[in-house]
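Here the structure is laid out as structure tokens; the discussion comes afterwards.
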Amino acid sequence: MAHYQTEQRKMLLAFLKAHSDQAYTIDELWEAMKEEQSLEMVPGKSTIYRMMPGLVEERLVRRFVKGNSRSFVYQMICGEHCGSHLHLKCSVCGKLYHMGDRETENLIAEVFRRHHFSVDEEKTVLFGHCEDCGKEEGKS
């Protein structure tokens, strides 16, 4: 599917790439882009809403359900090999970690060996708490 490389699209992709470890709702994304000092003109919120499905379809951006809500968050896919390993997503801070290819292969092989179940690593995200957020939870 052909797409236009508008300035707004370029700006959105550049912002997401620069913040690829973070996932945003559309509202959060729009607010974060407005706060970014290097951006002179931010795309409108409705423009971002219109662009996101195409970016997801083109596999430039991933869409996740935000926690237990009905909201979606979006995050840049960081490279062509991003679909060949599992991702670990912190449910507290939202940071996305990339599991190593060897660890992914071992885990997927073990799941298949024990359960005769094939995991689609491109669509699988493991949710939990990162080390920093786990430490914070232990303090409360």
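Below, the figures for the structure above:
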read-out	value
Residues (assigned to a loop (DSSP other than H, G, I, E, B) and under 18 Å from residue 94 (Cα atoms)) located in the range 44-80	66, 67, 68, 69, 70, 71, 77, 78
Residue pairs meeting the criteria (Cβ under 7 Å; at least 6 apart or on separate chains; first closer than 13 Å to residue 25 by Cα, in the range 47-59; second of a type in the set (Val, Ile, Thr) and part of a helix (DSSP H, G or I))	48/26; 49/26; 52/26
Among the candidates 72, 127, 117, 112, residue that is in the same structural domain as residue 13 (by TED's automatic domain parsing) and either more than 25 Å from residue 12 (Cα to Cα) or aromatic (Phe, Trp, Tyr) (or both)	72
The range 6-30 - residue that is assigned to a helix (DSSP H, G or I) and closer than 16 Å to residue 72 by Cβ and, of those, nearest to the chain's Cα centre (by Cα)	16
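The values are calculated or read from the model by the stated rules, or taken from the named source; none is laboratory data. Computed from a prediction, not measured in an experiment: that's the story for all the values here. With ideal geometry, Cβ positions are generated from the backbone for all residues, glycine too; neighbour counts draw on all protein chains shown.
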